[in-house]
Amino acid sequence: MRILGNIYVGRVKDIVKNLNAAFIEIAPGVPCYYSLDDLRNPMYVKKINSPRMVQGDEVLVQVVRESSKGKPPKVSTNLNFSGKYLVLTNENTSLGISRKLDAETKKRLKHSLDFEEGADFGVIIRTNAAHAAAEDIKAEYLRLRQEYLTLKETAVHRTTFSCLKKELPQYLHTIQDINEDRLDTILTDDKEIYAQVSQYLKRFALQKCTLQFYEDSMLSLNKLYSLDVRLKEALQERVWMKSGGYLVIQPTEALTVIDVNSGKSITKKNAQEHYLNINLEAAAEIAHQLRLRNLSGIIIVDFIDMKSESDNEFLLKTLRSNLCTDSVPVQVVDMTKLHLVEITRKKVKKSLAEQLK
């Protein structure tokens, strides 16, 4: 059962001082990790007489990371109400704008949104708002605001472990998060999914995107796009590139290691230039594979060694450029003295391999 994004009335089961963390149950026997470093202005439903969060407190929490590799789900008291263009937050009460937007667009959007100064919630303007009409952004703002106020009012009357808000199904969440300019056609053979997506597209007037229902008794959609084969390829350790080079991707308990190899790619000319080209191709493929496999946490990449510092700097710049389109926060930390590139990618949901188990 998908719980990512759901909001619950949780109960504090334990406070672990040496971790500076709490374990908050969202259902009987389902404790979730909560970092007390993140404690700002939680919305308590029931509070024990103490200025601190203590065992027995009942508080509103949102699941921000699924359980993975034996680790429990993670929750936050900073509740997010996400729309196509905006995200409303209850603890961060400022107005924020996506870093992916240019300065001129940020200025225009900031003036178009009549944000309530001094409100007990904040708003983040998403990348998709760049090409949205001002009235559509305003309408979504009012809808999210009302959703938040209604939840806030009703929460005090709900019992422990109540689910106050269920997140959208994963397929609708994916449509909501994707940049509209990159969404052309949605194809499905599931009638229920078709109906829900159709309703969603009408609601947000996504005119650039077309929805098609696939129906062919002779050839299923799965077979048409060889989905079983694609899934098998997405889990393989070795990934071949057009140049003849390849990646070896090895997830472990602690981190993911990616090794770049020249493979069948051979040249009799400038070897260093050749290695740079393979590494640049690998940088693009690595960004793709991280998204495809949903690899997260610490990622170490062993590119082919290059002698030129300028080539290494160009490689890092190219890698960052390829990763910046990721909807999940990702950071290229640095290249070590051993020429290993360190990457971190935020853990949100299970990897593809874990989801298919």
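The values are calculated or read from the model by the stated rules, or taken from the named source; none is laboratory data. Values in this document were obtained by computation on a predicted structure and should not be read as measured data. All Cβ positions, glycine included, derive from the backbone under ideal geometry; neighbour counts span all protein chains shown. In case anyone asks, the SASA skips ligands and DNA or RNA and just uses the protein heavy atoms, side chains included. Shrake-Rupley method; radii C 1.70, N 1.55, O 1.52, S 1.80 Å.
Which listed residue (I26, V75, V87) has the Cα farthest towards the positive end of the charge dipole for region 12-107, taking +1 on Lys and Arg C-beta and -1 on Asp and Glu C-beta about the Cα centre?
V87
Label-point separation (nm) for F314 and F115, each offset 7 Å from Cα along Cα-to-Cβ?
4.0 nm
Please list K47, K191 in order of solvent-accessible area, largest first, computed with a 1.4 Å probe with all protein chains present.
Numbers: K47 75, K191 150 Å².
These residues rank, largest area first, as K191, K47.
How long is the gain from L183 to K202 if the chain were fully straight, where each residue apart is worth 0.36 nm and the alpha carbon distance is subtracted?
Details: separation 19, 0.36 × 19 = 6.84 nm, distance 1.49 nm.
Using 0.36 nm per residue and subtracting the Cα-Cα distance, I get 5.4 nm.
Which value, in Å² and to the nearest 10, is the accessible area of L36 when all protein chains are kept and the probe is 1.4 Å?
We get 40 Å² for L36.
Within 11 Å, Cβ to Cβ, of G96, how many net charges do the neighbouring residues add up to if Lys/Arg are +1 and Asp/Glu are -1?
Net of charged neighbours comes to +4.
Under a 1.4 Å probe, what is the accessible area of the chain per residue, stated in Å²? Intermediate values should be presented prior to the final figure.
Numbers: 20350 Å² over 357 residues.
I get 57 Å² per residue for this part.
Can you pull the percent of the chain's accessible area that's carbon plus sulfur, 1.4 Å probe, other chains left in place?
Roughly 51 percent of what the probe reaches on the chain is carbon or sulfur.
Report E167's accessible area, 1.4 Å probe, all protein chains in place, as a number in Å² to the nearest 10.
40 Å²
Can you classify region 216-305 as rounded, prolate or oblate using the Cα gyration tensor, where a ≥ b ≥ c are the square roots of its eigenvalues, rounded means a/c under 1.5, and otherwise it's prolate if a/b beats b/c and oblate if not?
Oblate, since a/c reaches 1.5 and b/c is not below a/b.
Expressed as a whole number of Å, what is the distance separating the alpha-carbon centroids of region 233-311 and region 73-133?
36 Å
Roughly speaking, what is the stretch gain from T93 to L255, that is 0.36 nm per residue apart minus the C-alpha to C-alpha distance, in nm to one decimal?
54.9 nm
Just want to confirm a number: the relative contact order over region 18-148, from Cα pairs under 8 angstrom separated by 6+ residues, in percent.
19 percent
So the label point goes 7 Å from the Cα of L235 along Cα→C-beta, right? Which residues of region 342-357 then have their backbone N under 11 Å from it?
Only 352-357 pass the distance filter.
Identify, among Y148, P169, N128, the residue whose Cα sits farthest towards the positive end of the charge dipole of region 105-245, taking +1 on the Cβ of Lys and Arg and -1 on the Cβ of Asp and Glu, with the dipole about the Cα centre.
Among Y148, P169, N128, the one farthest towards the positive end of the dipole of region 105-245 is N128.
Could you tell me which of the pairs K166/K232; K166/K347; K46/K138; K242/K357 are separated by over 26 angstrom between their Cα atoms in the structure shown?
Over 26 Å Cα-Cα: K166/K232; K46/K138; K242/K357.
So how far apart, in nm, are the two label points at C209 and D228 if each is 7 Å from Cα heading toward Cβ?
Between C209 and D228, the label points sit 2.9 nm apart.
Quick one: compute the contact order of region 264-357, relative version, from alpha carbon pairs under 8 angstrom and 6+ residues apart, as a percent.
33 percent
Using a 1.4 angstrom probe on the protein heavy atoms only, line up T336, T105, T77 by accessible area, largest first.
The ordering from most to least exposed comes out as T336, T105, T77.
Just read off the accessible area of V348 with the full protein assembly in place, 1.4 Å probe, to the nearest 10 Å².
Only protein atoms counted, so the area is about 40 Å².
Given a Förster distance of 56 Å, report the FRET efficiency between K138 and D302 from their Cβ-Cβ distance, rounded to the nearest 0.05.
Step by step, r from the Cβ atoms, then E = 0.65.
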